[in-house]
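Student: Just passing along the structure, written as structure tokens.
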Amino acid sequence: MGKKRVMLPVEEVDISSVKYQPQLTKAPHLTGLALKLFAWLVEAPVLRSIILSALKRQNNFNQLLRNTVIPETPMFRPEFPPQDPEPGVVVIDEDKDSTHRVSSALECLTSYDPSQHWNHDSPPFLYWSIRDYAHAYRSKLTTPSIVAEHIISAVEESNTKRPSMPLLISFSAEDVRKHAAASTQRFLEGNPLSVLDGIFMAIKDDIDCFPYPSKGATTWFHNIRAVEQDAICVSRLRRCGVVFIGKANMHELGMGTTGNNPNYGTTGNPHSLDRYTGGSSSGPAALIASGLCSAALGTDGGGSVRIPSSLCGVVGLKATYARIDMEGSLCDCGTVEVVSPLAATVEDIMLVYAAIAGSSADDRISLNPLPLCLPNLSSSYNLDVLRSLRLGKYTEWFNDVSCPDISTKCEDALNLLSDTFGCNTIEIILPELQEMRTAHLVSIGSETMCALNPDIEDGRGSELTFDTRISLALFRSFSAADYVSAQRLRRRIMYYHMEVFKKVDIIVTPTTGITAPKIPSSSLKHGESNYEVSAYLMQFILAGNLLGLPAISVPIGHDKEGLPIGMQLIGRPWGEATLLRVASALEEICSGSRKRPSQFHDILEQYRL
């Protein structure tokens, strides 16, 4: 008796009386033999119940879900109230071909100035952009075929060097050369398909890119699911002339936030090879940070694009739920995951996003999304729009980080944004953050189990890595009642966020609560389970996934050890254009605080004048 807790209806909660509850995640850190033993224990029928019950009790799982009366009705996938159109935007016609959409996006950018990068006395810069490559091809400084040879050489070297840096799971030099040659021929004939023609991109291993298999970084998934065509998002890029270099490394089945992968090797962070890239889109982020690709595609179900973008010092956009058609990805039936672009710069994100965006026919009917828009950065009104924006900051949450450098650098960037562009920062409160974490865990865990159950029942579970097996054991312990309770919480938390968005345009947080963690040497062979590190990596991430809100991570500087720090901007439903506008401004004012990683391939340097 006495365990029952009754929540007030969400409309009756006194927000001003809410006290922030610091995150406390309790779970053992396991590698090596201890990891293997724990996986065996949580899979044993009798012991599993005892161990998982103890873990749930330590982390208040039962109190939050099973002992609580939640008065709201369930929200089984994100439902958004009507939204006002964004100011100062260009509407991109989703029904047009991807080449037309990219052309429209190009017109939203500021004019291209070759002198900014191509002269040896140009100001310092970090990355060659998509427009830099397009300029090099059109000016006959180089060709996609020549660039392809540089990339092929670098990828092959990364697989043999020690410590190894396995960037790709599936790679075919012959396929890369074939498509680069076709692009080169189009330039010779004066008929490139778009500004993306000849641009090299990687695709995360859970998105179909024919003829490569989609393994999801497992050792067996490609044997039960053949790839016969591109995912819709990949086909949209291919029509623009993009050259795909292969399937990028990732945390197995996307079920981890570090990028650890005993099956194909763990990708090291280009800023420090003994550090994690973050996950699960580890390979895409590392390829961009090291200069080998201007952009890549990942998937984001629990920060899997924003976390590695932050840890590797690149840009990662998670679009609104259902903004991008998921058909052809391994996770195309869930409610928390979306295909998402990563890129070296915000303008590159805009170009790739314009190419891949477009909801499925079913989602257009059921969700009625606002038209696809991009910010008009070339407009004289851009500064006026920036000046009118209100940025929300929940200070106690903002400062709840493991490394003080993160909150300090993010605070400095936020102040600089306000001082430079006149944005107004407003204090906000977001209740029930712990409930949000629990609801997300149950949602993504239940959806994962639903997708994998047939294969696990078929005996494939034992072929997964040990940390994946531990996560699946936890997911298997969730009941139908847990799932429904989590969806009731989703409705409550959506209400809180929509109320905040009546006062502000964007919620600002650090992207992660820690910078890139060290890779334990004991984790390389069998993997690692470290829920406390995962909790810090996901500290600010989950509203984007549980609620389907758009969010972007922008690099703003480094900690005292030289590791990248990212700032996250969370927007209203369908509000990608506003996020991209502020992200571009943030990138501009923080450019002097960033530096290239130690592992960097300067592919176009030799062509500077």
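The values are calculated or read from the model by the stated rules, or taken from the named source; none is laboratory data. Note that this is a predicted model, so its numbers are computed, not measured. All Cβ positions, glycine included, derive from the backbone under ideal geometry; neighbour counts span all protein chains shown. Just so you know, the surface numbers come from the protein's heavy atoms only, side chains and all, with ligands and any DNA or RNA stripped out. Shrake-Rupley method; radii C 1.70, N 1.55, O 1.52, S 1.80 Å.
Student: Give me the percent relative contact order of the chain, please, defined on Cα pairs under 8 angstrom at least 6 residues apart. Mind dumping the intermediate values first?
Tutor: Values: 1284 pairs, mean separation 131.4, N = 609.
Worked out over the chain, it gives 22 percent.
Student: Which distance in nm do the two modelled labels at Ala481 and Thr395 give, with both placed 7 Å along the Cα-to-Cβ direction?
Tutor: 4.2 nm
Student: For Ala44, what is the net charge nearby, where nearby means another residue's Cβ is under 14 Å from its Cβ and Lys, Arg count +1, Asp, Glu -1? Walk me through the numbers on the way to the answer.
Tutor: Numbers: positive: Lys36, Arg48, Arg469, Arg476; negative: Glu43.
That works out to +3.
Student: Related question: Roll a 1.4 Å probe over the protein chains and send me the accessible area per residue for the stretch 389-433 in Å².
Tutor: Numbers: 1790 Å² over 45 residues.
With the other protein chains kept in place, the stretch 389-433 gives 40 Å² per residue.
Student: Within the chain, which complete DSSP H helices have Cα atoms spanning at least 18 Å along the helix axis and a mean Kyte-Doolittle hydropathy of 1.0 or higher?
Tutor: Numbers: long enough: 45-58 (20 Å, 0.49); 144-160 (24 Å, 0.21); 173-188 (22 Å, -0.63); 404-421 (26 Å, -0.17); 433-457 (34 Å, 0.03); 480-500 (31 Å, -0.50); 576-590 (21 Å, 0.77).
Once both thresholds are applied, nothing remains.
Student: According to the square roots a ≥ b ≥ c of the eigenvalues of the Cα gyration tensor, what is the shape class of the stretch 442-575, taking rounded for a/c under 1.5, prolate for a/b larger than b/c otherwise, and oblate for the remainder? Working shown, then result.
Tutor: Details: a/c = 2.84, a/b = 1.19, b/c = 2.39.
Here the stretch 442-575 falls in the oblate category.
Student: Alpha carbon centre of the stretch 451-465 versus the stretch 381-397: separation in Å?
Tutor: Each part reduced to its Cα centre gives a spacing of 46 Å.
Student: In the neighborhood of Thr99, defined by Cβ-to-Cβ distances under 14 Å, what is the net charge if each Lys or Arg adds +1 and each Asp or Glu adds -1? Intermediate values should be presented prior to the final figure.
Tutor: On the way: positive: Lys96, Arg101, Arg186, Arg236, Arg238, Arg239; negative: Asp93, Glu94, Asp95, Asp97, Glu107, Asp197.
The answer is 0.
Student: Right, something else. Name the residues whose placed amide hydrogens come within less than 5 Å of the amide hydrogen of Phe210, ignoring near sequence neighbours (fewer than 5 apart) on the same chain.
Tutor: Here Asp230, Ala231 satisfy the definition.
Student: Let me ask something additional. Taking the Cβ of His251 as the centre, find all other residues whose Cβ is under 12 Å away and add up their charges (Lys, Arg: +1; Asp, Glu: -1). Walk me through the numbers on the way to the answer.
Tutor: Details: positive: Lys204; negative: Asp205, Asp206, Glu252, Asp467, Glu528.
My count for the surroundings of His251 gives -4.
Student: Using amide H atoms built 1.01 Å from N in the peptide plane, name the residues 5+ places from Gly527, or on other chains, whose amide H lies under 5 Å from its own.
Tutor: Gly32
Student: Something else about it: Using alpha-carbon positions, what is the distance between the centroids of the stretch 537-609 and the stretch 128-148, in Å?
Tutor: Result: 24 Å between the Cα centres.
Student: Separate question: What whole-number value in Å² describes the accessible area per residue of the stretch 168-251 for a 1.4 Å probe? Please report the intermediate quantities before stating the final value.
Tutor: On the way: 2860 Å² over 84 residues.
Spelled out: the 1.4 Å probe surface of the stretch 168-251, per residue, equals 34 Å².
Student: Could you report the stretch 1-133's accessible area per residue, 1.4 Å probe, as an integer in Å²? Kindly include the intermediate steps, with their values, before the conclusion.
Tutor: Details: 8000 Å² over 133 residues.
Per residue, the stretch 1-133 has 60 Å² of solvent-accessible surface.
Student: Counting only residues 5 or more places away or on other chains, whose amide H sits under 5 Å from the amide H of Gly246 once H atoms are built in the peptide plane?
Tutor: Ile203
Student: Be a star and scan the stretch 567-609 for residues whose amide nitrogen sits under 19 Å from the point 7 Å along the Cα-to-Cβ vector of His120.
Tutor: Of the residues in the stretch 567-609, 602-609 have backbone N under 19 Å from the label point off His120.
Student: Related question: In the chain, with Lys and Arg counted as +1 and Asp and Glu as -1 at Cβ, which of these residues, Ala148, Leu391, Thr345, has the Cα nearest the positive end of the dipole, that is, farthest along it?
Tutor: Leu391
Student: Hey, another quick one. Taking Lys247 as the anchor, which lysines have their alpha carbon closer than 24 Å to its alpha carbon, excluding any fewer than eight residues away along the same chain?
Tutor: Lys161, Lys178, Lys204, Lys215, Lys318, Lys525
Student: Here is the link list: Lys409/Lys503; Lys36/Lys393; Lys26/Lys518. Which ones come out longer than 31 Å on Cα distance?
Tutor: In this structure, Lys36/Lys393 exceed 31 Å between Cα atoms.
Student: How many percent of the accessible area of the chain is carbon or sulfur, using a 1.4 Å probe?
Tutor: On the way: 11920 of 22750 Å².
C and S fraction of accessible area: 52 percent.
Student: Before rounding to the nearest 500, sum -39500 (n - 2.57) across all DSSP H runs of length at least 4 in the chain and divide by the residue total; then give [θ] at 222 nm in deg cm²/dmol.
Tutor: Numbers: 22 runs with 239 residues, N = 609.
Value at 222 nm, helices only, nearest 500: -12000 deg cm²/dmol.
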